[in-house]
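The block underneath contains the structure these notes are about, expressed in structure tokens.
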Amino acid sequence: MQRSDRPGGKTYCFGDYRFIPDRQLLMLGDKPLRVGSRALDLLNLLVSHAGEVVGKDELMRFVWPDTFVHESNLKVNIAALRRALPRTASGLSCIATVTGRGYRFVAPLRIYGDDQPQLHSEAAKAPVRELPRLGEVIGRDDVIADLVARLPECRFLTVVGPAGVGKTTVAIAAATRLLNRHRDSVCFVDLAVIGDPQLVDATIAASLGIGGKWTNMLAGIVEALRNDEMLLVLDNCEHVLSTASAIAEHLTLALPGLHIIATSREPLRSRSESVYRLSPLPYPDEHGGENPTDALTFPAVQLFVRRASEAYGYRLDDADTPVVAAICRRLDGIPLAIELAASRLPVSRPSVLLGLLEHSFEPLVAGSDGTPPRHQTLLATLDWSYQLLSRNEARLLRLLSVFSAGFSLSDVIGVAEHLGRGIEEIAVCTESLAAKSLLSTAHDAAGPRYRLLDSTRSFAAERLAATGEAADARSSHARYLLRLFEHAESEWQWRPRNEWTASYEPRTNDLRNAIDWTFGDGANPEVGVRLTGAAIPLWDELSTVAESRRRVERALQSAEALSRCDPAVRMKLIASYASGLNFSDHLGPEADAAWMEGNRLAHEIGNVDYQLRTLWGLGILQSFTGRHRQAIATLRQFAQLAGQESERPAVAEGERVRLTAVFYCGEVRRAHDELKRLVREHATTAKRSGVARFQMDRFVSIRVALAMTAWVAGDRGAATAALQDALDHSLARDHMVSLCNALAQAALPLAFWSGETEIARRHVATLAHNLALREIAIWRPVCRFYDGAVGSMDGDAEGVDTMRLAIEQLVASNFLVRVPVYLTILAEAALRHGRIALARDSLSAAFDRADRQDEHWSRPELLRVRALLQRLDGDLSGASETLLLAAETARESGALFFRLRASTALAELWVETDRHVAAAELLSPVCAEFDDVLPCVNVAKARRLLKSLGRRDTALRTGAS
């Protein structure tokens, strides 16, 4: 029995099943069944000989002609058929085994349609439909070229993508370029015009110009195109997916000269099919496209501007550029949405349109002329896809709208727990939504991650609210995040920081939404309080200081109203709140009270970790507010507790703060030596530190302290190296609090003292940008102070007032550490600009504050500037004595850099009073302590003076001889 014996144009019906051999299609009711082609070939032969025994050899020759196959292949495919087909009334299979002979089809069978006369191809030919006309296609040249290059090899290519992404456009554009390759032209078939899958073949036939006189349309199409070379474009297949897939597969196999481009929101899943995923147009991110030239390099912006220009002559200007970029981001680069938005510009300015789109996509409506109904609004295109979903798929899509960003399959399973569905069913539905282009998919090392486009999310959220499912969905979302972040909190103690933040940072917006919902419409403050407490590590790692403080404060207020709040959660919230106050614009008694209360709760619970944290935070606060002796005492308690608990990394944290306080008290040499030891002992451990347990990265904070003390101690090489390590490590870890600390506490003073004004300006700009980005209030006056100081050095008289106002702000906020030296720098700047009264008042305040704060590290500088005022008053003797005291004070404390500055000033004074030899003898040993490897105006000034004294001495000796 040969393949040519196959019956043609018949439909076999048994029970609720229909089998159409020419379509290779088996249907149960109106639903196609997924059965392999070999099994369908077997069914074809069996039903055409219903009631008869068909031998095994005959079956194998029919299905696998000219190929030797083992009998097991036959058994496997018969088994597949039996699984797909019903049993007879007696419970027997439709296909009976005849032992030793073969198989027989035994079910009652109805046959419709007789063989039709063959259609000669010449008679069948008719003019094919022209391709729809396109306007200028923007941003898709590479895509179109790729499709054109792939089609000769693929023959059956499906362009798949979400609603409105431009699948039809690129398919038509590719087909247009391929016209010359296909001698018998191109045929475009719009399947969106039909709703019944059974009309797919008739629609294709009509588009080809084949009349309706043939009952077996598919056979007629095959016969009509048998000798042709043609490109067939099947547009919008998603709603007739199975039928379109079967027909396209059949045509591809039957017609060697046929190529097919299909478009669909999901793959057709045909064996012959190649899938091309079409992505939205690229658009600028939040930091890109800041001017028209840059913005117009992005195809999404190009399309918006071009369509708006065509509509009413719009031109993109500097003011509109960030707004148009934001519109394109909001629309996820979807071409249809962008074109609809551009059409709104005659009635809405870009800024107004953006405001409307932030709340709803309803403004995106097209005129009805020539636009398919499903494309007349963005929501209509989404509704088209939504209506094709199964009930479970639609419910899951609605639920997924609670995610504001990307999510994994495990996230879906966690949030969908209340649906009562099995994990496997949820996974299948998720994959199906991705296949239908309703979820965007990306892959990383952990597996696939999904995302709803903003338009899809908005649409699904509206449906979620309309079905009354929103409250349950958001509650499930919040509880899932609570479980997730409580687990994250435990991981935070041991997991490498880069891995930890990579896992949890993408969930920041979901976290915000969930917390807001629990304290708002969700009315579930207990979950909100716990979720806020669990989220603290993430906010600490991301340096979101202001947000963390606001949310923690809100959670504490809600905790007060709860009848019961877990003491451990309350302890964490209070400690985090106190930490936020340490970075606020006012370091008042409230911060002390918060640290003390957190420490009390930690003692009650027996939580050593938070006992350490609260002691450390209190020590920092005391040092920030100029209470250095208290800070040293607090940190001794910290060291004792950390030692008892074998907390070696914590010991380093406490030692760093304690030694910084020791430095401020004036023991420069001791602090410098011990900080160098601390760096050596904890270099490797600190660099691997995974979390900012104590507000700042340990590796960075130790080096910031060393950089400052080493510079003042005259060890400029060590200071510069430590500072660079701190800056590099802060940037590598992307920890903004640590970076701001490094800039404000070390980078700015070192650049200022070295006279590197351009470097100082860059540091000021970087610090100001980062402070604005993270709302870290505490460093703003410091940033402003150095901005004024650098301006003053460059001759800007207004810099003096900038410095004065910054110091007033520091005092008002009680951020008193280093205020004496800031006042001294202000006094010297005021002197340079002739503001003598301000100089005297500032210096007097500096001495007063230094005494009150027991802050003596900068006393040599205070004395040096006092001498400048004495010299101005004509008291040269008094100035000389004061400078001698300054140099000696610096020598005793180990502040070699300040000793150099005082000695240089004294040498200059002695030169004026003709004490050249004494000046040289004073300056020579101090200069010998410094090298010339690193630039520093103070070292250079001292060397120039010493060199001039040497030349004078040489000249005098030469003259005497």
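Here the peptides 58-65, 575-582, 593-600 are ranked by packing, the mean other Cβ count within 10 Å, and the order with the highest first is 575-582, 593-600, 58-65. In this simple spin-label model, placing a label point 7 Å from the Cα along the Cα-to-Cβ direction at both Glu604 and Glu908 gives a separation of 6.1 nm.
Using a probe of 1.4 Å on the protein chains alone, the accessible area found for Arg479 is around 110 Å². Per-atom-type breakdown for region 585-666 gives carbon and sulfur 51% of the accessible area (1.4 Å probe, protein chains only). If a/c stays under 1.5 just call it rounded; otherwise compare a/b with b/c (prolate if a/b is bigger, oblate if not). Do that for region 585-666, with a ≥ b ≥ c from the square roots of the Cα gyration tensor eigenvalues. In terms of gyration-tensor shape, oblate. Region 283-313 and region 809-851 have Cα centres separated by 51 Å. Pairs of Cα atoms nearer than 8 Å and 6+ residues apart set the relative contact order; for region 140-277 it is 37 percent. Pairs of lysine residues in the chain that meet both criteria, 8 or more places apart or on different chains and Cα atoms under 23 Å apart, total 7.
Where both bridge residues fall in the chain, DSSP classifies roughly 60% of the beta bridges as antiparallel. Estimated from the Cβ-Cβ distance and a Förster radius of 35 angstrom, the FRET efficiency linking Asp873 and Asp673 is about 0.35. Taking region 807-843 and a reference point 7 angstrom along Cα→Cβ of Asp585, the backbone N atoms nearer than 16 Å belong to 807-815. Reducing region 764-789 and region 558-616 to their Cα centroids gives an inter-centroid distance of 27 Å.
Tilt of helix 141-154 relative to the longest C-alpha principal axis of the chain, in degrees (0 to 90, nearest 10)? Helix 141-154 sits at roughly 40 degrees to that axis.
Between Asp146 and Glu798, the modelled label-to-label distance comes to 5.2 nm, taking each label 7 Å out from Cα in the direction of the beta carbon.
Using only the Cα atoms of region 850-918, build the gyration tensor, take square roots of its eigenvalues as a ≥ b ≥ c, and label the shape rounded, prolate or oblate: rounded if a/c is under 1.5, else prolate if a/b is larger than b/c, else oblate. It is oblate, given that a/c is not under 1.5 and a/b is not larger than b/c. Net charge in the neighbourhood of Leu396 (other residues with Cβ under 12 Å of its Cβ; Lys, Arg +1, Asp, Glu -1) is +2.
Look at the dipole of the chain built from charges on Cβ: of Ser37, Gly220, Gly406, the Cα furthest out on the positive end belongs to Ser37.
Take the Cα of Gln557, go 7 Å toward its beta carbon, and the backbone nitrogen atoms of region 506-525 under 17 Å from that spot belong to 515-525. In terms of the mean number of neighbouring beta-carbon atoms within 10 Å, the peptides 142-150, 169-177 order highest first as 169-177, 142-150.
Helical content of the chain, expressed as a calculated mean residue ellipticity at 222 nm, amounts to -19500 deg cm²/dmol (DSSP H runs of 4 or more residues, -39,500 (n - 2.57) each, divided by residue number, nearest 500).
Indicate the gyration tensor shape class of region 292-364 (rounded, prolate or oblate), computed on the Cα atoms with a ≥ b ≥ c the square roots of the eigenvalues: a/c under 1.5 is rounded; otherwise a/b larger than b/c is prolate and the rest oblate. Rounded.
The mean sequence distance of close C-alpha pairs (under 8 Å, at least 6 residues apart), as a share of the length of region 820-875, puts its relative contact order at 39 percent.
With the charge dipole of the chain set up from +1 on Lys and Arg Cβ and -1 on Asp and Glu Cβ about the Cα centre, the Cα lying farthest toward the positive end among the listed residues His418, Ala768, Ser543 is that of His418. Averaged over its residues, the chain has an accessible area of 42 Å² per residue, based on protein heavy atoms and a 1.4 Å probe. When you restrict to C-alpha pairs under 8 Å that are six or more residues apart and normalise by the size of the chain, the relative contact order lands at 6 percent. Computed packing ranks the peptides 837-849, 880-892 as 880-892, 837-849, most packed first, by mean other Cβ atoms within 10 Å. What separates the Cα centres of region 424-482 and region 194-270 is a distance of 34 Å. Taking 7 Å steps out from each Cα toward its Cβ at Glu892 and Arg564 produces label points 6.3 nm apart.
In region 292-364, the portion of solvent-accessible area held by carbon and sulfur atoms comes to 51 percent [1.4 Å probe, whole percent, DNA, RNA and ligands not counted]. Extension gain, Val69 to Leu33, is 10.4 nm, computed as 0.36 nm per intervening residue step minus the present C-alpha separation. Taking the Cα centre of the chain as reference, the dipole from Cβ charges on Lys and Arg (+1) and Asp and Glu (-1) amounts to some 1300 debye.
Taking Cα centre as origin and charging only the Cβ of basic (Lys, Arg, +1) and acidic (Asp, Glu, -1) residues, the dipole magnitude of region 506-599 rounds to 200 debye.
Measuring r between the beta carbons of Glu921 and Glu505 and using R0 = 51 Å, the FRET efficiency lands at 0.25.
Can you work out the FRET efficiency for the pair Thr757 and Val193, with r the C-beta to C-beta distance and R0 = 60 Å, to the nearest 0.05? Mind showing how you got there, number by number?
Details: r = 72 Å, r/R0 = 1.20.
After rounding to 0.05, the efficiency reads 0.25.
The values are calculated or read from the model by the stated rules, or taken from the named source; none is laboratory data. Bear in mind the structure is a predicted one, so any value in this text is a computation, not a measurement. FYI the Cβ positions are ideal-geometry reconstructions off the backbone, even for glycines, and counts take in every protein chain you see. Surface areas here come from the heavy atoms of the whole protein model, side chains and all, with no ligands, DNA or RNA. Shrake-Rupley method; radii C 1.70, N 1.55, O 1.52, S 1.80 Å.
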